[in-house]
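See structure below.
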Amino acid sequence: MTTDRRTRLRGLAPRALALVGAGLLAGMSLLAPAPASGQEIGLGMDRTGTVGIQSDTERLLFWSLLCTCGCPRETLGTCTCGFAHERRRELRSELGGGKTVEQIQAWYVKRFGTQALAVPPDTGGSRALYLAPLFAIVAGAGLIIVTLRRWQARGDADAAARKPAPAQKAGENDAYDAKLDDELRNLDE
């Protein structure tokens, strides 16, 4: 690889990476979840008090479910609004009634939808959430490879175009020179 070509590739690589990075960010923003309805932060929400978690079971449950008040996707384990206090009270009464964490999560999902889970389930259409970043990484790597190969081919073509024509063999030059000398002598006579 020539020095000129290496210099060109070094100059193009950061631009290509920046372009791919911008494309990945734009693509990932399309995959971001839409805000919950009524997610106007701070409008009429009383955010006072503390979250009193009384057991490991409550901790597991509260950190697995999201507050439905419109908080910016806060779990019930961190949200201090009035809605979260009410939800925790309801969930504590369900735990006191003998339900398991999984049963309560299923009830919560039935009531508020799968968007109320802190971690989407790894089933059905939700698997796309787990596969989308992997697909974006593979597509970005493929784009980089294709782009670098095109640049390499273009550089090879440019180098071939700039390469001087091959010199004639030494024996061919001598025969040509001898013939030219003979012709010039014939003209002089």
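Regarding the stretch 107-118, can at least one residue be identified that is outside any loop (DSSP other than H, G, I, E, B), modelled with pLDDT of 85 or more and loosely packed, with under 13 Cβ neighbours inside 10 Å?
Yes, the conditions are met somewhere in the stretch 107-118.
Determine which single condition LEU91 fails, assuming it passes every other condition in (1) in the same structural domain as GLY23 (by TED's automatic domain parsing); (2) surrounded by 13 or more Cβ atoms within 10 Å (Cβ to Cβ); (3) of a type outside the set (Asp, Glu).
Of the numbered conditions (1) in the same structural domain as GLY23 (by TED's automatic domain parsing); (2) surrounded by 13 or more Cβ atoms within 10 Å (Cβ to Cβ); (3) of a type outside the set (Asp, Glu), the odd one out for LEU91 is (1).
So the check is Cβ under 6 Å with 6+ separation or different chains; which pairs have a first residue in the stretch 59-82 that's over 9 Å from ALA118 (Cβ atoms) and a second one that's polar (S, T, N, Q)?
GLY70/GLN39
Could you check the stretch 121-136 and list, in sequence order, the residues that are part of a helix (DSSP H, G or I) and free of Cβ contacts under 8 Å to residues at least 40 places away in the same chain?
GLY124, GLY125, SER126, ARG127, ALA128, TYR130, LEU131, LEU134, PHE135
For residues that are in a helix (DSSP H, G or I), among the small types (Gly, Ala, Ser) and more than 39 Å from the chain's Cα centre (by Cα), tally how many sit in the stretch 79-102.
Going through the stretch 79-102 one residue at a time, the tally reaches 2.
The values are calculated or read from the model by the stated rules, or taken from the named source; none is laboratory data. Only a predicted model underlies this, so the values are computations on that prediction, with no experimental measurement involved. Note: ideal-geometry Cβ built from the backbone for every residue, glycine included; neighbour counts use all protein chains shown.
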